[in-house]
Amino acid sequence: MNEVEKVHCLIIGSGPAGYTAAIYASRANLKPVLYQGMQPGGQLTITTDVENYPGYPNGVMGPQMMVDFEQQAQRMGADIRWGMATKVDFSARPFKVEIDEEKWMEADSVIIATGASAKWLGLESEQRLNGHGVSACAVCDGFFFKNQEVMIVGAGDTACEEALYLSKLCTTVHMIVRREEMRASKVMQARVLKTPNIKVYWNSETLEVMGENKVDSVKILNSKTNETTVVPVKAFFVAIGHQPNSGLLKGILDMDDQGYLITQPGSTRTNVEGVFACGDVQDKIYRQAVSAAGTGCMAALDAERYLGALEMH
Ligand code: NDP
């Protein structure tokens, strides 16, 4: 072990959860150090307009919002650094976190805010039109396609929930399901199937998202009949699941079978006392910037309480 730096509160991750934790922890004088990770600002940096975050009456661009969060945290005194956590050792206090495979941090408390990443189909056209009609978040971007035809791919609870959300805004929702059944819970499936403006395409696969600078149609293939169809739509939503960024913590923190960290209900406490988790890495249900920020606040308050109790002993 080379260089070691000791801190009170170490925050890993820089989305709304991490930055909010940094704002609260700074104001509580915990002198937090935050490492931003591979994608500073997190998933919001790959969205465009954000219109559902309270406090921005005219909306805001996702990347700008994350700059605002970062600057606010810095103004409160948070030490924000570029770098990735590459290894952790939570077996004893102080906790140890390796950064960029070269330096170790020691921390009395750690807040995990590493987020989740949307899964993509992996098509070149999907990547090219990302942010121009291709989106992995219907709740974020559906509004921009009000009264238009849209497509969604996926057949889990998220896809069903998002298809239902879109059905209230859009004229027709074309839903692409790769098998002849859905993975979603029966109740969600039933809701989708009885919604008149959701059209389900079973046994179907997306071949290409088409359009010059924005989506204008999608080519799909029915794997049973081998028939290809081009469906004119203005947006293509991908809802095939998320991957929580928790690989680093496998075998160290409790997680569910999909890798989401488990926190004690009503708190951000993990199974390791002094280690807290907030934002999408522990939330597979809501996944909103505002709910992530809310749990970031909770994590800082939980850490403050924990550190306060430590000092009393
Ligand atoms: P899931 O992993 O449950 O579902 C992913 C869906 O995407 C599956 O239908 C899968 O198809 C499909 N899929 C995966 N890869 C591809 C691909 N390359 N091409 C086409 N389709 C693909 O993810 P969700 O995000 O829906 O849900 C995650 C968890 O969160 C679940 O446990 C869910 O129950 C929960 N959840 C609960 C909610 C609630 O209770 N209100 C709301 C949202 C989520 P296939 O079935 O063929 O594998």
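The values are calculated or read from the model by the stated rules, or taken from the named source; none is laboratory data. All of these numbers come straight from a predicted model, not from anything done at the bench. Neighbour counts run over all protein chains shown; Cβ positions are idealised from the backbone, glycine included. All accessible areas refer to the heavy atoms of the entire protein, side chains included, with ligands and DNA or RNA removed. Shrake-Rupley method; radii C 1.70, N 1.55, O 1.52, S 1.80 Å.
Between the alpha-carbon centers of the stretch 1-62 and the stretch 89-106, tell me the distance in whole angstrom.
20
Cα centroids of the stretch 223-255 and the stretch 65-85: how far apart, whole angstrom?
30
Counting other Cβ atoms within 10 Å of each Cβ, which trypsin sites (Lys or Arg not before Pro) in the stretch 211-313 have at most 15 and sit in a DSSP loop? Mind showing how you got there, number by number?
Details: sites: K214, K219, K224, K234, K250, R269, K284, R287, R305; in loops: K214, K224, K234, K250, K284, R287.
Within the stretch 211-313, the qualifying trypsin sites (Lys or Arg not before Pro) (loop, at most 15 other Cβ atoms within 10 Å) are K214, K224, K250.
Roughly what angle does helix 289-312 make with the longest principal axis of the chain, taking Cα atoms, 0 to 90 degrees, to the nearest 10?
20
With a point put 7 Å past each Cα toward its Cβ, work out how far Q243 is from D216 in nm, to one decimal.
The two pseudo-label positions are separated by 3.4 nm.
Can you order the peptides 25-33, 94-102 by their average number of other Cβ atoms within 10 Å per residue, highest first? The partial results should precede the final answer.
Values: 25-33: 21.0, 94-102: 16.6.
Most protected by this proxy first, the peptides run 25-33, 94-102.
With n ≥ 4 as the cut-off for DSSP H runs, can you work out [θ] at 222 nm for the chain, using -39500 (n - 2.57) per run divided by the number of residues, rounded to the nearest 500?
It lands at -7500 deg cm²/dmol.
Quick one: accessible surface of H8, probe radius 1.4 Å, all protein chains present, in square angstrom to the nearest 10.
Surface accessible to solvent at H8 totals approximately 60 Å².
Kindly express, to the nearest 10 degrees and within the range 0 to 90, the angle between helix 62-75's C-alpha long axis and the longest C-alpha principal axis of the chain.
The angle comes out near 10 degrees.
Taking a ≥ b ≥ c as the square roots of the Cα gyration tensor eigenvalues, with a/c under 1.5 meaning rounded and otherwise prolate when a/b beats b/c, else oblate, which class fits the stretch 156-313?
Values: a/c = 2.75, a/b = 2.58, b/c = 1.07.
Prolate.
Out of the total accessible area of the chain (probe 1.4 Å, heavy atoms of protein only), what percent is carbon and sulfur? Please list the in-between numbers first.
Values: 7740 of 15420 Å².
Accessible surface attributable to carbon and sulfur in the chain totals 50 percent.
Do you know the relative contact order of the chain, to the nearest whole percent, from alpha carbon pairs under 8 angstrom that are 6+ apart? Write out the running numbers ahead of the final one.
Working: 721 pairs, mean separation 64.2, N = 313.
After rounding, I find 21 percent.
For the chain, just give the cysteines left without a disulfide-compatible partner, judged by no other Cys Cβ under 4.7 Å.
Cys with no partner Cβ under 4.7 Å: C9, C160, C170, C278, C297.
Going 7 Å from the Cα of R27 along its beta-carbon direction, which residues of the stretch 279-313 have the amide nitrogen within less than 17 Å of the resulting point?
Taking a point 7 Å out along Cα→Cβ of R27, the residues of the stretch 279-313 whose backbone N falls under 17 Å are 290-305.
What would the Debye formula give as log10 I(q)/I(0) at q = 0.11 Å⁻¹ for the alpha-carbon point model of the chain, no solvent?
-0.71
Output wanted: per-residue J couplings in Hz (rounded whole) for the stretch 169-185, from phi through Karplus 6.51 cos²θ - 1.76 cosθ + 1.60, θ = phi - 60°, x for Gly and Pro.
Result, rounded to whole Hz: 9, 9, 6, 9, 10, 8, 10, 9, 10, 7, 10, 9, 8, 9, 7, 4, 4.
Where a Cα-Cα gap under 26 Å defines reach, which lysines qualify for K219, not counting those fewer than 8 residues away within the same chain?
Within the straight-line limit of under 26 Å, K219 reaches these lysines: K119, K146, K168, K194, K199, K234.
Return a whole-number percent for the relative contact order of the stretch 46-176, with Cα pairs under 8 Å and 6 or more residues apart as the contact set. Mind showing how you got there, number by number?
Numbers: 133 pairs, mean separation 19.4, N = 131.
In percent, rounded to a whole number, it is 15.
Along the Cα→Cβ direction, 7 angstrom out, place labels at V230 and D254. What is the inter-label distance in nm?
If labels sit at V230 and D254, their model points lie 5.4 nm apart.
Roughly what would the spin-label model give for S223 and W120, points 7 Å off Cα along C-beta, in nm?
It works out to 2.2 nm between the two label points.
Report relative contact order for the stretch 121-204 in percent, whole number only (criteria: Cα-Cα under 8 Å, sequence separation at least 6). If you can, show how the numbers build up before the last one.
Numbers: 118 pairs, mean separation 23.2, N = 84.
So the answer I get is 28 percent.
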